[in-house]
Every structure is written in C-alpha cells, then in structure tokens.
C-alpha cells in the first residue's frame, strides 16, 4: 500500500476509513494524510481556471437556453454556442423570452447573481477585509489566575495519560 522513498510516499487509490486510520501509526497516518492532501491540491490546481470561471458564472448570474422537443414536449438544455446565439438573436428581435427558430422552440431562464459567490471571489482576489466587532462590557482577568488554571489543566491531563 505504501512505499517510502527518501521521506516521500507513493500511495495509489487509498481511502482512509476510520478502521484504516486506527491501524496506522501516528507517523504513517500523518504521512498518508499529507500525501492525500497534496494530491487533492494538485487536482484542484489543475482545474483552477475552470473553478474560477464557474465561480464567476454563479457570481454574475446565469442564463440558460432550453429547446423543447416537439415529440416528447420535454425541454433540454442547449449547450451548442451557435444554437444558443441563434435562439437568443431571435428572442431579442421578438423581445420575448421564448422563440421559434424553424421547427424548434426555445425558451430562456435566468438565475440571479449569488452575493456569497461574489464576496468569496473578491476575498480570494483581494484579501478578506478587516471586520470589526464592538464588545461592550467590562472584562476582568488576571494573567496569574489564567496561568494557574493552565497549570491545573496540564496536571489533570498528565494524570489522565498515565492511566
């Protein structure tokens, strides 16, 4: 399953269920998870352009053109750019959201822009803006008291691990 070569590991088609994770040593588990994490990053990096375009599409809103099948009376999403342009040109000329082009019938639907997608893209591109939180009230604490509480928790933790 794993093959170590100079501080790196090659792992093919591995999934870590809770059972698999329990069988690994902490060091091996950490190594396996880091390899999986790196592979996931590589796959996402390869699709970064497509992911940005998809995010922009959602952020800006989307228009869908559907074609009605005259036999079944069911609608199908149109993906051919030339067919979409032809239908949209006819709809613009007729000033409607449906059109008849030859024997084919088309209609358009729209999806509004998504504010969360817009914020996410802007935060990724320019950094998340600073947010301020107003806190009213009086908070009193002692660093010595916090230190004592931390020491007590460490002592309890040490007692627990000795069991």
Residue within the range 91-107 that is exposed (fewer than 11 other Cβ atoms within 10 Å of the Cβ) and in contact with a strand residue (DSSP E or B) (Cβ under 7 Å, 6 or more places away or on another chain) present: no
Any hit, the range 63-77, residues being in a helix (DSSP H, G or I), free of Cβ contacts under 8 Å to residues at least 12 places away in the same chain and surrounded by 11 or more Cβ atoms within 10 Å (Cβ to Cβ): no
Among the candidates 138, 152, residue that is over 30 Å from residue 64 (Cα atoms) and either surrounded by 13 or more Cβ atoms within 10 Å (Cβ to Cβ) or at pLDDT 85 or above (or both): 152
Unique residue being modelled with pLDDT of 85 or more and under 27 Å from residue 78 (Cβ atoms) when the list is 38, 47: 47
Residue match in the range 52-62 (condition: assigned to a strand (DSSP E or B), modelled with pLDDT of 80 or more and under 26 Å from the mean Cα position of the chain (by Cα)): yes
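The values are calculated or read from the model by the stated rules, or taken from the named source; none is laboratory data. Quick caveat, the model's predicted, so the values are computed rather than measured. FYI the Cβ positions are ideal-geometry reconstructions off the backbone, even for glycines, and counts take in every protein chain you see.
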